Structure formats: C-alpha cells, structure tokens
1. Please compute the modelled spin-label separation between residue 501 and residue 136, points set 7 Å along Cα→Cβ, answer in nm with one decimal.
2. Along each principal axis of its Cα atoms, how long is region 95-192 end to end? Whole angstroms, biggest number first, please.
3. Strictly over 19 Å apart at the Cα level, which of 238/265; 170/294; 170/265; 227/358 would you flag in this model?
4. To the nearest 10 square angstrom, how much accessible area does residue 502 have with a 1.4 angstrom probe?
5. How far is the Cα center of region 106-136 from the Cα center of region 316-333, in Å?
6. Quick check: residue separation of residue 529 and residue 486 times 0.36 nm, minus the Cα distance between them. What number comes out in nm?
7. State whether region 48-132 is rounded, prolate or oblate according to the following rule on the C-alpha gyration tensor (a ≥ b ≥ c being the square roots of its eigenvalues): a/c under 1.5 gives rounded; otherwise a/b larger than b/c gives prolate, and the remaining case gives oblate.
8. Hey, what's region 103-178 come to in accessible area per residue, 1.4 Å probe, Å²?
Amino acid sequence: MTCIDKYSFNDNDVENVRVFIRVRPLRDEEKTVKNKNLLEVNHTVISLKKSDTTKTFKFARIFDENSTQMDIYRCIAVPIVQQVLQGYNGTIFAYGQSGTGKTYTMIGDIFNTDLRGIVPNIFTHIFAQISLANNDLSYAVTATYLEIYNEEIRDLLSETPQKKLALREKPELGVFVNDLIGFTVNSLGEMMEILARGNKNRATGSTKLNESSSRSHAIFAILVETKNNVTGKTTFGKLNLVDLAGSERVHKTMATGDRLKEAGKINLSLSVLANVISALVDGKSTHIPYRNSKLTRLLQDSLGGNSLTAMIAMISPNFLDSQESLYTLMYADRVKHIQNRVTVNLDKGSLIQTLESKIIELRNQLQTLTLEEEKELKKLRKKSKTSLNKEELDKIEMEKNVLQNKIDMVQKKILVGGQNLAEKAQQQIELIENTAIELKHLDSSHQLLEEILYYKEKEKKLVGQSYATLQEEDKELDRGIEETEKLLAKATQILVTKEMEYQNEVSSLLHTNKSLAKEMGLVQFIMNQSTPKEYLDEIKSKITWDENMQEWQMKGIAYCGNNLRRSRSRSVTQSTSSKSVYFRYPSKTRK
C-alpha cells in the first residue's frame, strides 16, 4: 500500500487532525464467517455491519490486516517528521481497546527491523535526515519519556521511575513537567537504549483482553533543534508520540482490585479527552476543558493548538468486540474535525547555543590549565625536581584530561549535518541508507501517481463527453490519440529512467559486494598468516553474537589493555561531569 498524503501549508494555516484506522488480524480461533463479514474495508472507507444495520465511516486511510509496519510509518509518520525537522510541532497518538495492537503499532519489536513500530522508525528517519543534511546545519536531539498512571505523572527514564512529578505552566514555556529528565542523544543506538529502558519501567498488567495490557498513557517526546550556522536562524520542532491505554468498558476486562482502579482512572482521562474533542468540534463552546486531566493538559497543543496531529485508531475484527469497535470509529470520526493552526517555532532558549557556550567555557579552562602546566615545567627546569612539583603536574594533567573528556562529551551532543553519523556503527549507516532510499522512492511514487490520476481524470472526461456531429467526434478522437502518444512517450521515458535507476542500484550492490569480499579476503589472509590455528580456535570460542547490539563481542575484552584504561578514564569523567549529560526542564521560577 502506498500513501501519497503530504503536508503543504504556510505559517498559521489551519490543518485538520488526520485520522487513520488499523484493523488487527484475526486470530486462528476467530476465523469464522461471522467475523470475516463484520468489516468491509476500501482504502479510505470502512463499514461495520451489525445486525441489520451498517455504519460507514470515511478517514484519511484504512489499513487492513495485511498492512505492514512500514506501510503505517510511510503514510502516517513520514509527512509529520519531515515538518518537525523544519521546526513545526507534531503529534501521533494511538487509540483503541486493549489487545488491538496500539503498543505494537507505536513501538513494535525494536530489535527486529521489519517489526519496528512508528517510534523506533522515527529515530532512524531523524538521524537519516541529519546525515543527509548540509553541513551548515547543526542539530541537537533531546528525548523524554513519561507515563500517566492513575493520574500521576512518572518519568520512565529516571533512576526512581515511581516518583510522582508535578505539572507546571509558564507563559514562556507553556505546559511542562517539573524535573522531567531529557537526554540529549547523538546516535540511533542511544535512542534505542532510552526507549528500551523506558519500556521496562512502564506499568503493564494482565486483563481478560490482553495478558500484557498497558495500564498507563505513555508519551515519548523528541525535541529537534536546528541551527543554520550561516544565517544564525534556529528552529525547534517537538514531536509527541502517544500510546494511550485501552479504551474499553470495565466489564469487558473483568477487572478487579488494582486493575479496576487503573481502569477507572484510564476511562476518566479518556472521557475528559472525549469532552475536549467534542468542545473543539462543536465550535460554539467558550471553554475547552483541558485542565480536567493531566493527559489533555499535556496534549493541549496537539488538539486545537499549534501542532500537526495524526491519530491512528485500532479496532478488532472480532464480532464480540463490535460494540467497542463502533465506539472507536465514532470517536475517531469526531477527532478528524478538529482544526489546528500550525506555526514554525522560533526564538526559544537554544540548547545548541548553550552547548556551544559550554564548549567555549571548557576550552578556556583547558587553556588556563595548559598555561599553569607550562609554568610548573619552567619551575622544574630552574629548581631541583621535587615530589611536590611532580604531584602538581600530575594533578594538572588529570584535570586537563577530565576537561578534554567533558569537551568531547558536549561536542557529541551537537550533530553537524552529514558529519557526525559517519563514525557510527555499520548497522546504523545501513539503516540510514535504506531509509533515505525508501523516502526517495516514496517521493518518486507520489509524483508518478499524481500524473496517472491526472490522465485518468482526462480519460474519464473524454469518455463521458457527447458530440453533436461525427466530424467533431473524429476531431476529438484525433486529439485524444495525440495526447495518448505523448503519454506513451512520457511513460517510455519514465520506464527508461526507472531501468537506469535499477541498473545503478544493481551496480552499486555489486560494487559493495566486491568491496566487502575484498576486505573479507584481506582479513582472512592476515588472520591465516599471522595467527596460529589453535589461537584462532580459542578466539572463536570466546566470541558471541549480541542480538541487542547486533554485533560480535569477545568475552572479557572490556578488561584488557586500552579498554581498561579507557573505562577508568570514563569513570573519572562521569563522577565529575554527570550534570553535563542531562538537559533538565527548569524546576524553579525565573526571577
């Protein structure tokens, strides 16, 4: 399935929330005639048949059970991510009853490329775009991950994830979570680690509908700051990725005890969300009840504010869930009428500027220490070498190393277009290249489909036209033949272009294959010539494949040679510079 939807607007344009529907596959025990006939899906229209009535709804796109994770990503996320990188706000949230695949759609299996959901695919997309950007652009990417559990906000990335956080609001910042930790990241791997860490801390529980149901609303937020080093212009794009808890009625889950309490809080916040949506769609309401729940306060910009918003509603094809599916479709139908006024974000506190100032400050300190070291060396030359002087020199050298490590750490937080990612792992580079190719093909397919649609419309108009005389019809047919010949020539040209692209890709793959074979041959030759067979067998027995990192690792390598010295240096650095790793939201009111 190919999606051709793109955002095209100017600042302060009004954009409706785009709503998508995804139908989960039937389980083996559910594959009955009754279930197969419950839903009828046709690209943008879905019909639900219940008893003698049929309810029909129209949305931006309907994804059937055969849709892949990449189909979902291309259609829903790609247009929004592209605008976030330009400085606009974006929101994607999943809604539906437990067991319909909300978390699978949003997160998926982060260690399986084909099964990754929207969130990890966005990570790849963002770093792909940074790697392909002009080197006049600098980027800072910051991530936060929180959940709202029983109407309490918790930081999933904190060392104490059970701690309750307060919601605050300031004119210059808007609504924010006090003391929420933001990690400034510089690689795809770091993003994946943060996501995996947050997922482990998220509240889940078993219900009748789902053995590992999410019992909280989770919001993963990415702030992308972009600075043009030529013009000095800085933009800020924030992307909220929301996985809502199940929307089903309590009696469906057979919830008791803690599960019942959780369900009550979930339904309360979702009811407030429904009231906000109704008030926004109504157009006559003078008050929008954002403040009635923490979820709606955090999503205030996403619903009726400054954000490009997309909602994906998950439904079940099971007849037993038909009532819940109908409620979900009705809910989604209201959401698509919400309008947001989007504006690019400028003139906020710049993280890149802060990091650059920190680098300058640290370099000045390093220069001062270097001058002190030179003075001590002069003293040593004039006087006898005393142990005191040597201790002072060692202390200065250690402080210099600590400062240099701090500079390197802060420098890595600023990503320069097309440069920083070259030093990352091969797997990340391959993912970035694949994403860039897919985006290019997506743009090409979009253009081709628009041309086909244009000529189909002309063909339809031609067929439906009536003529007064045979001469007029003959003249019109000649004109049609002429246009068809032009179309055929253009199609032939497109075919030739596609064939050339295909041949170039094949040549590139062959070249890559030859290069890898050459490198592999060189490695094999060096190993065979320089390492005895018994040592090779010993090394192979100590090597294991790490599924999480997707790389080969040797047991005990961290305790050898340079790695040991590096780890000691890193421990000193971390103990003295832990504050530079984190970017915290302000916890005190500015005076």
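The values are calculated or read from the model by the stated rules, or taken from the named source; none is laboratory data. On a predicted model such as this, the values are computed, not experimentally measured, just so you know. Glycine gets a Cβ as well: all are built from the backbone with ideal geometry, and neighbour counts include every protein chain shown. Accessible surface is based on the protein model in full, side chains and every heavy atom, while ligands, DNA and RNA are left aside. Shrake-Rupley method; radii C 1.70, N 1.55, O 1.52, S 1.80 Å.
1. It works out to 2.8 nm between the two label points.
2. Each principal axis gives a Cα extent; for region 95-192 these are 41, 40, 26 Å.
3. Listed pairs above 19 Å: 238/265; 170/265.
4. Its accessible surface works out to 130 Å², give or take rounding.
5. 31 Å
6. Stretched out fully, the residue 529 to residue 486 stretch lengthens by 9.1 nm.
7. Prolate is the answer for region 48-132, as a/c is 1.5 or above and a/b outweighs b/c.
8. On a per-residue basis, 38 Å².
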